[in-house]
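For reference, the structure discussed in these notes is given below.
The values are calculated or read from the model by the stated rules, or taken from the named source; none is laboratory data. Keep in mind that this is a model prediction, so the values were computed, not measured. Neighbour counts run over all protein chains shown; Cβ positions are idealised from the backbone, glycine included.
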Amino acid sequence: MWLCVRFVLLPLESLWLNASATAVAVREQNQIVCVNQDAYQSGVRQGQSVATAYAMNEGLHLVERQVEQERATLQKMALQLYPFSPVLSIQEPEYLLLEIGRSLTLFHGLDNLLQQLKAVITQHKLTLSLGLAPTPKAAQLFTQLPWQASYQLWDARTKSFNLAAVKRLIEQQSVSQLPLPKRTLANIKSLGIDSLAELMQLPSAALNKRFGRQLVDYIEQLLGLKPDPQKRYEPTVEFNQTLSFLDVIHQREALLFPMRRLLDDLVYFLRLYQKSGQSLVWTLQDNYHQSSQFEVHLTDATIDLNRYLELTRLQLESVQLTGPIELIGLTMPKLFEHQAQTLSLLEHTQDFTSDLHFANKIKARLGHNSCLWLVQNNAVIPEFSGQLKPQVSEPIKSKAPPKRQGTRVSNKPGARYRAPDELIDNQAQTTALVDSSGLPHDKIRPSWLLPTPQAIGSDAQKLYWHSRLTIVSQVERITHYWWKKAIARDYYIAQSQQGQHYWIFYDQHKQSWFVQGVFA
């Protein structure tokens, strides 16, 4: 069971139609290939010469045919209709063939399938004509007829075609509608043959001798007498689309309407393949054929049309247009698997601190490097445990502290060093510290770590860093990197005379004191 979708005005509707355009026609060389409703009402027809078309309508707006844009639109619609059938074939220049017999159960009948399929195509503002038949070529031929003509050939009760009625409808069609070379059609017409019924009355041997094997194969495949394998459409997992305009666009705000159309296609693509990306790359081509690009960076993997459009608008405000724009393109490079974010039932989803969209807007305004993210590394040494990066591939989530890797206590002199008792005060100061996480006192970590530990002045009795420091905790030993440049440190919490708490350590190899971080 084959359904053929014909995009009747594809040469015209593959371009971006401006609201100011009235009578519009697409030409290829010196011939009209497609017209809109206003041009048709004024007498302009497909197949006319350009001179004849201007004679019919002096104000006719002519544009050159863009075959590549038509192919791109066909590819886009093939992707849109791919969920309706596992067997889909592109028949240039304007057809899509779908084998839908095995999809009827999934869509609960033919009518539901057609309703959803039409809704998808209508969203893209494309004019379509449908044909339904038991063979691909018959379905393609029936797109020249009103939809009801082929729809009534299907019996929903028996879930089968009336094959006799299908053959009668095929025989009634004009030979001029066959997708055959013009020379072959001219030879057939020269014999006075007008309908397919007259053509099929001739023996196959006579048709083969006079018109070639191509015509015989076509008729046999049309009637289902010979297999007609179709080349399956295999979608590529990449997004790269362009959109051309009938008239150039001079203002930035006017670009947002076609940009939204491309973003609609991108969102559909990402949801279909469960992909995400870290940036949108826009290409703007002016009527001097000069191209420029700008990139919209994405901090999180959220698939959201409105967010994409808002970030594009913010970035577009700083783009200098080189001239009137006639083409825009959208690409999302470096796709990766989309990981849906799982939120707790009681999580505050509107928390400002976790709203990565705010960071996206800042980056769109001020540039890619205007926001930095603190990324936790699996490192024991505190100054190596965090790193600032301009981009993250997924929302930042809280992580448990990394597991302590294997440590080795140095055997060098000073390895067993312990701060003198007179530097340690385990009385009132210790109980003054409160850790809301419930961790043991000696595992508390400061809110701010210094990029590089700073030296502390010390003598046998006192420690100084801006003021005198008093140790108020037990020792915590951290040793690592024994295989290259060994690190051995004894960490303490110290309190200044003003009541500020610091995370300090004694370096056993350098025999010196350092401050590592500051508690809030």
Next item on the list: Identify all residues within segment 266-277 that are at pLDDT 90 or above and in contact with a strand residue (DSSP E or B) (Cβ under 7 Å, 6 or more places away or on another chain); write none if there are none.
Entry: Leu266, Leu270
Checklist line | When residues of segment 239-251 are limited to those that are surrounded by 15 or more Cβ atoms within 10 Å (Cβ to Cβ) and farther than 21 Å from Leu335 by Cβ, the one modelled with the lowest pLDDT | finding: Leu246
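Go through Leu225, Leu262, Leu270 for me and flag whichever is within 30 Å of Thr22 (Cβ to Cβ) and either surrounded by fewer than 14 Cβ atoms within 10 Å (Cβ to Cβ) or not assigned by TED's automatic domain parsing to the domain that holds Tyr82 (or both). Write out each step before concluding.
Numbers: Leu225 fails: within 30 Å of Thr22 (Cβ to Cβ); Leu270 fails: within 30 Å of Thr22 (Cβ to Cβ).
One residue alone meets the criteria, Leu262.
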Note to self: Looking at segment 279-302 only, could you name the residues that are surrounded by 19 or more Cβ atoms within 10 Å (Cβ to Cβ) and either more than 18 Å from Ser14 (Cα to Cα) or within 10 Å of the chain's Cα centre (by Cα) (or both)?
What the structure shows: Leu280, Trp282, Val296, His297, Leu298, Thr299, Asp300, Ala301
Notebook entry, point to check: Out of the residues in segment 82-102 that are surrounded by fewer than 19 Cβ atoms within 10 Å (Cβ to Cβ) and within 21 Å of the chain's Cα centre (by Cα), which is farthest from Pro235 (Cα to Cα)?
Noted result: Pro83
Margin query: List the residue pairs whose Cβ atoms are under 8 Å apart, where the first residue sits in segment 450-468 and is without any contact (Cβ under 8 Å) to a residue 40 or more places away in the chain and more than 15 Å from Tyr491 (Cβ to Cβ), the second is loosely packed, with under 10 Cβ neighbours inside 10 Å and of a type in the set (Ser, Thr, Tyr), and the two are 6 or more positions apart or on different chains.
Written below: none
Check: Before we move on, is Phe239 under 30 Å from Thr184 (Cβ atoms), of a type in the set (A, V, I, L, M, F, W, C) and touching a residue at least 12 places away in the same chain (Cβ under 8 Å)?
Finding: no
Check: From the residues in segment 53-81 that are under 26 Å from the mean Cα position of the chain (by Cα) and polar (S, T, N, Q), which one is surrounded by the most Cβ atoms within 10 Å (Cβ to Cβ)?
Finding: Thr73
Check: Does at least one position in segment 477-494 carry a residue that is of a type outside the set (Ser, Thr, Tyr), surrounded by 21 or more Cβ atoms within 10 Å (Cβ to Cβ) and either farther than 21 Å from Glu383 by Cα or over 55 Å from the mean Cα position of the chain (by Cα) (or both)?
Finding: no
Notebook entry, point to check: Are there any pairs with C-beta distances below 7 angstrom linking a residue in segment 311-336 that is more than 25 Å from Arg271 (Cα to Cα) and in contact (Cβ under 8 Å) with a residue 60 or more places away in the chain to a residue that is hydrophobic (A, V, I, L, M, F, W, C) and loosely packed, with under 15 Cβ neighbours inside 10 Å, with the two at least 6 apart or on different chains, and if so which?
Noted result: Pro324/Val248; Ile325/Val248; Glu326/Val248
Check: Among (1) within 31 Å of the chain's Cα centre (by Cα); (2) closer than 28 Å to Leu263 by Cβ; (3) of a type outside the set (D, E, K, R), where does Thr105 come up short?
Finding: (2)
Next item on the list: Please enumerate the residues belonging to segment 286-312 that are under 26 Å from Leu246 (Cα atoms) and not polar (S, T, N, Q).
Entry: Asp286, Tyr288, His289, Phe294, Glu295, Leu305, Tyr308, Leu309, Glu310
Next item on the list: Consider only pairs whose beta carbons are under 6 Å apart and that are at least six residues apart or on different chains; among these, list those whose first residue lies in segment 206-232 and is more than 20 Å from Leu132 (Cβ to Cβ) and whose second residue is at pLDDT 90 or above and polar (S, T, N, Q).
Entry: Lys231/Ser89
Check: Given the structure, is Leu60 outside the structural domain of Ile249 (by TED's automatic domain parsing), under 20 Å from Leu96 (Cα atoms) and in contact (Cβ under 8 Å) with a residue 24 or more places away in the chain?
Finding: no
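Restricting to strands (runs of 3 or more DSSP E) lying wholly in segment 218-326: which have 1 or more residues that are touching a Gly at 6+ places or on another chain (Cβ under 7 Å)?
Fully inside segment 218-326 and qualifying: 240-249, 279-286.
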Notebook entry, point to check: Got at least one residue in segment 463-472 being closer than 17 Å to Phe514 by Cα, at pLDDT below 80 and assigned to a loop (DSSP other than H, G, I, E, B)?
Noted result: no
Checklist line | Subset of segment 15-52 that is at pLDDT below 90 and under 20 Å from Arg71 (Cβ atoms) - its residue that is surrounded by the most Cβ atoms within 10 Å (Cβ to Cβ) | finding: Leu15
Checklist line | Pairs with Cβ under 8 Å, 6+ apart, first in segment 251-264 and under 14 Å from Asn306 (Cα atoms), second of a type in the set (S, T, N, Q) and surrounded by 15 or more Cβ atoms within 10 Å (Cβ to Cβ) | finding: Leu256/Thr312; Met259/Thr312; Leu262/Gln241; Leu263/Thr312
Margin query: Name the single residue that is modelled with the highest pLDDT among those in segment 181-196 being surrounded by 15 or more Cβ atoms within 10 Å (Cβ to Cβ) and among the aliphatic types (A, V, I, L, M).
Written below: Leu196
Check: Quick one: is Asp194 of a type outside the set (S, T, N, Q) and not assigned by TED's automatic domain parsing to the domain that holds Thr302?
Finding: yes
Check: touching a residue at least 12 places away in the same chain (Cβ under 8 Å), in contact with a Pro (Cβ under 6 Å, 6 or more places away or on another chain) and β-branched (Val, Ile, Thr), is that true of Val472?
Finding: no
Notebook entry, point to check: Out of all the residues in segment 123-130, is one or more assigned to a loop (DSSP other than H, G, I, E, B), at positive phi and more than 26 Å from the chain's Cα centre (by Cα)?
Noted result: no
